[in-house]
Structures are given as structure tokens and as C-alpha cells.
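Following: one structure in C-alpha cells, then a few remarks.
The values are calculated or read from the model by the stated rules, or taken from the named source; none is laboratory data. Nothing here was measured: the structure is a model prediction, and the numbers come from that model. Ideal geometry is used to build each Cβ from the backbone, glycine not excepted, and the neighbour counts take in all protein chains shown. We work out accessible area using only protein heavy atoms, side chains counted, and drop any ligands, DNA or RNA first. Shrake-Rupley method; radii C 1.70, N 1.55, O 1.52, S 1.80 Å.
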Amino acid sequence: DSSTESVDEMKSELALLKNELASVKETAELAVKGLQYLAPHGSKQEVVTERLRYSKAIAKAADKLLTGDVSRTKTAGYAKIIKRSSEMLIRSNKGDL
């Protein structure tokens, strides 16, 4: 019967389309994962803002140390700020490699 053949053909085509759709979906998911790997920090603006914040913290702490008007306790605190901020900058830059 011709109608049975048409239904069978449609079922076959539907199965092929489902397989193709699954393949496209898998490819899209892999592409998204790849993009997330390449840009783990989010948007470029977020990265720039984060790096600027760390750079400012380093500069401010270094300025305080260079003035020489700080106590020994504050000197250690500013040195820790410089160390932590520079480590965060290094970690952030590694994400771009």
C-alpha cells in the first residue's frame, strides 16, 4: 500500500532528522564548552575591570610603603596586599594563555 510506504518513509526521515539534531546539539555543547575554556573569566570587560582593581591595590599599597609613614604592622599588611593582588593578576593572566 502506498500510504504505508509514505508513513514508513516519513518515520525513516524523522529518525534521520532526530539523529542529525542530536549531532548538532552535541557539537553546539562542545563549542560552548570550548568557549568557556577559552574565556573562563566571562566577558573581556570583567577581566579588564578585575585586573585594574588588582593593579590599583598593588600601586596603592606600594605607595603607602614608599612613604615610610607606616607602622611595622601596617607594613606587613601592605606587603600582604601586594602579594595577594599580584598572585591574582598572575592567575588571571594565566587564563589568557
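Restricting attention to region 53-86, and to residues there that are of a type in the set (S, T, Y) and in a helix (DSSP H, G or I), which single residue is most open to solvent (accessible area, probe 1.4 Å)?
Looking at residues that are of a type in the set (S, T, Y) and in a helix (DSSP H, G or I), I get T73.
Taking S85 and the conditions (1) touching a His at 6+ places or on another chain (Cβ under 7 Å); (2) at pLDDT 80 or above, which numbered condition does it fall short on, given that it satisfies the others?
Only one criterion is unmet by S85, namely (1).
What about S92, is it of a type in the set (S, T, Y), out of contact with any Ser or Thr (no Cβ under 7 Å at 6 or more places or on another chain) and either modelled with pLDDT under 85 or outside any helix (DSSP H, G or I) (or both)?
When the stated conditions are applied, S92 passes them.
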